[in-house]
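Reading through the structure tokens given below for one structure.
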Amino acid sequence: MRRWQGESIYFGGDYNPEQWPEETWSEDVELMRRAGVNLVSVGIFSWALLEPTPGRFEFGWLDRALDLLHDGGIQVDLATATASPPPWLARAHPETLPRRDDGTMLWPGGRQAYCPSSPIFRERSLELVRAVAGRYAEHPAVVMWHVSNELGCHNAHCYCDVSAEAFRGWLRERYGDLDRLNDAWGTAFWSQRYGDWAEINPPRTVTAFANPTQQLDFQRFSSDELRAQLRAEREVLKTLVRQPITTNFMIGMGVKHMDYHSWASDVDLVSNDHYLTAADPQAHLGLALAADHTRGVAGGDPWLLMEHSTSAVQWQPRNVAKLPGQLRRNSLAHVARGADGVLFFQWRASRAGAEKFHSALVPHAGPDTKVFREVCQLGADLKALAEVRGSRVDADVAILFDWEAWWGVELDSHPSVDVTYADRLNALYGSLWRAGVTADIVHPSTDLSGYRLVLVPTLYLVRDADVDALHRYVESGGTVAVTYFSGIVDANDHIRLGGYPGAFRELLGVRTEEFFPLREGEQVRLDDGSVADVWTEWLHPDGAEVLASYTDGPLPGVPALTRHPVGTGAAWYVGTRLDESATDRLVARLVDEAGVRPAAPVPSGVEVVRRRDGERTWQFIINHTEAEVRLPAAGVELLTGARCAGELTVPAGEVAVVREDRT
């Protein structure tokens, strides 16, 4: 890993000087300095300006912009500019354009109008990377390189003939021969057996349900093709530049098509984009989960928030503006959970184009605005928090997450459309958040020995090695809780025979003979007072203790919640979809049994997160309520955001950060 942390927490955003007259640029730099901005991302969507015709490069405008930024003390995260090809590429090579599964071609006019498998796109994009990196590798403003932008945001899957041939090559590499592929895909079903590689296509629009393992493999292939573009650009950069290399992931935004756990090793620092769902009154929980997941992808290391919004976005049905104080609260919540940089899209709000109503650090109304005043306040906060840079977040709980399990659980022809991957993840995470407990969101292959409690939501697809590791974790004293529809299939989406929950039967000490999914709106009750919906199953204890059973519904008297002692630990099974209050009670029991303690006792609606660097610790207290909060203040020193005189007073909607003494 190339060193990427600077002397301060990074602060800034996307800067697109090419969208503005040059007389605006000096004002931009002056305002950046006023706000405390120290890093901007430049050139992300500038391919058409840098290479206006094939092979002819024009760098003059970028030379002047980078020189001006450097003279103003602003550092640059310079993009490879490959995020969206120029119109001339599609005109010369229409075969580079992507196609949907029904054959519809996606034309230029938006962004990312390219097939990720296109060798022509790859060749031309790498020529651009060589040209840009060769010119600016030693520019004093450039401290970081930015590969493409949000890879796969709009073109994660392409079903064209170029992609079909690339898919066949990927399958040959994975399976070696057709016999192994036919076995993995279960092609004896519905007369699908393949006798020639040329017979295989992507899962295009079909008459009935497409082969599920074919769909799963196409998801894997598509993620790998986008990753190959990242790796190809990285390899070119590594031969020319010395600065760290990153690209912006989209963790926590409902983007499911890229396996970021596998991509993390291809960057020197993990960066993420995150935008709130404006219609969600609990959007701050989603923000916290995304930040914790980004930290998990980063292996616990600090990471960079590459994009979020100062206020409203422009791409949701109703683009709600952020209320006063929310910009600061959202930003510092990311820092609390491991971000060592806070960047926005974008510096100055565009006056034209599809994102002209997207908020920015400098709004259309200019600097005399609520938004810019809050931007300046955030810049001062981040400067005061510079000492936090490089520290890590304390977490005693892990939640297992696997993009392949997500792809698998949401394939078609399953027992219930109401079973989705994010549902139990969000539910369990929300209960932990309300209990004041911080969690790492990690891949099932992660070393779990440092955690007291591990939660396993809807891990439908799981590998044997990860099951064995989880078993060893429990035997050694760990506590684990597994939810329904977990352990059902292997890596080929083949059912694990012998009864559900398949891979986890022995660990959990239960055996389910049949699923009984519920009708829409149907509820069941348990004898411990809990209410549940969506899912029940005919479960038999096989060594596990029954903690709760159904009192009504299709399975009265059948167990719904169990606990199985294993070694010096215990494995819990949750066989139904508990409502929020029941999930909160369950998580409270798990936290208590595992000996997990919250970062600090706080009122509902207040989150406390601790970052640590050796013996130094910092507490972030984030008040999401409409009332001020008072906390004991012994042994702490206030860094920003509250009053501290015998006790710590955090006003409504505010954030306080304190340094704790060593005791």
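The values are calculated or read from the model by the stated rules, or taken from the named source; none is laboratory data. No experiment lies behind these values; they were computed from the predicted model shown. FYI the Cβ positions are ideal-geometry reconstructions off the backbone, even for glycines, and counts take in every protein chain you see. Ligands, DNA and RNA are stripped out before the accessible areas are found, and what is left, the full protein with its side chains, is counted by its heavy atoms. Shrake-Rupley method; radii C 1.70, N 1.55, O 1.52, S 1.80 Å.
Helices in the chain, meaning DSSP H runs of at least 4 residues, each add -39500 (n - 2.57). Divided by all residues, the mean residue ellipticity at 222 nm is -9500 deg cm²/dmol. The relative contact order of the chain comes to 10 percent, based on Cα pairs under 8 Å that sit 6 or more residues apart. Overall, the accessible surface of the range 513-626 at a probe of 1.4 angstrom is composed of carbon and sulfur to the extent of 45 percent.
Residues within the reach of a label modelled at Arg659 (point 7 angstrom out along Cα to beta-carbon, backbone nitrogen below 13 Å), restricted to the range 606-622, are 613, 615-619. Size of the chain: Rg and Dmax of its alpha carbons, in Å, are 25.9, 78.
Using alpha carbons only, the radius of gyration of the range 273-322 set against its Kirkwood radius gives Rg/Rh = 1.02. Its convex hull of Cα atoms gives the range 515-663 a direction-averaged projected area, equal to a quarter of the hull surface, of 12.4 nm².
Per the Kirkwood definition applied to all pairs of different Cα atoms, how many angstroms is the hydrodynamic radius of the range 499-551?
Numbers: mean 1/r = 0.0836 Å⁻¹.
It works out to 12.0 Å.
Residues whose amide H comes within less than 5 Å of that of Thr562, counting only those at least five positions distant or on another chain, are Leu547, Tyr573, Gly575 (H built at 1.01 Å from N in the peptide plane). Placing a pseudo-label 7 Å from each Cα along the Cα-to-Cβ vector at Arg612 and Lys356 gives an inter-label distance of 5.2 nm.
Per Stokes-Einstein, at 10 °C and 1.306 mPa s, what whole-number D in µm² s⁻¹ belongs to the range 237-321, with the Kirkwood radius over Cα pairs as the hydrodynamic radius? Can you show the working numbers first?
Numbers: Rh = 14.0 Å.
After rounding, the answer is 113 µm²/s.
Taking only the Cα atoms of the range 123-167, the radius of gyration and Dmax are 15.1, 44 Å.
Note on Lys356: lysines with a C-alpha under 21 Å away, same-chain residues under 8 apart excluded, are Lys322, Lys370. Across the range 283-362, Cα-Cα distances exceeding 20 Å account for 35% of all pairs. When Rg and the Kirkwood Rh are both derived from Cα coordinates, the Rg/Rh ratio for the range 157-257 amounts to 1.07. Taking the chain, the Cys residues with no second Cys beta-carbon under 4.7 angstrom are Cys153, Cys160, Cys376, Cys644. Here the label points at Gln192 and Arg643, each 7 Å from Cα along the C-beta direction, are separated by 6.7 nm in the simple model.
Using 0.36 nm per residue and subtracting the Cα-Cα separation, the extra length available between Thr568 and Asp177 on full extension is 136.3 nm. Across the range 440-579, the relative contact order, built from alpha-carbon pairs under 8 Å that are at least six residues apart, equals 23 percent. With R₀ set to 45 Å, the beta-carbon distance separating Arg318 from Asp394 gives a calculated FRET efficiency near 0.75. Run the Debye formula on the Cα coordinates of the range 1-148, all scatterers equal and no solvent, and tell me log10 I(q)/I(0) at q = 0.09, 0.13, 0.19 1/Å. Relative scattering, expressed as log10 I(q)/I(0), comes to -0.32, -0.64, -1.11. Comparing the range 596-663 with the 2.2 N^0.38 Å rule of thumb, its C-alpha radius of gyration ratio is 1.04 (two decimals).
Taking R0 as 45 Å, what's the FRET efficiency between His154 and Thr551 from their Cβ-Cβ distance, rounded to 0.05? Efficiency at R0 = 45 Å is approximately 0.40.
Projected label points at Asp528 and Ser26, each 7 Å from Cα along the beta carbon direction, are separated by 7.0 nanometres.
Close amide-amide hydrogen proximity is noted between Ser41 and Gly13, Asp14, Tyr15, Asp77, each under 5 Å apart and 5 or more residues distant or on a separate chain (H modeled in the peptide plane; Pro and chain starts excluded).
Computed over the alpha carbons of the range 316-395, Rg followed by Dmax gives 14.3, 44 Å.
Starting from the Cα of Ala92, step 7 Å toward the Cβ, then list every residue of the range 151-166 with an amide N under 18 Å from that point. Taking a point 7 Å out along Cα→Cβ of Ala92, no residue of the range 151-166 has its backbone N under 18 Å.
Atom-type composition of the exposed protein surface of the range 1-127 places 50 percent of the accessible area on carbon and sulfur (1.4 angstrom probe).
In square angstrom, what is the accessible area per residue of the chain with a 1.4 angstrom probe? It would help to have the intermediate numbers written out before the result.
Numbers: 25940 Å² over 663 residues.
Solvent-accessible surface per residue comes out at 39 Å².
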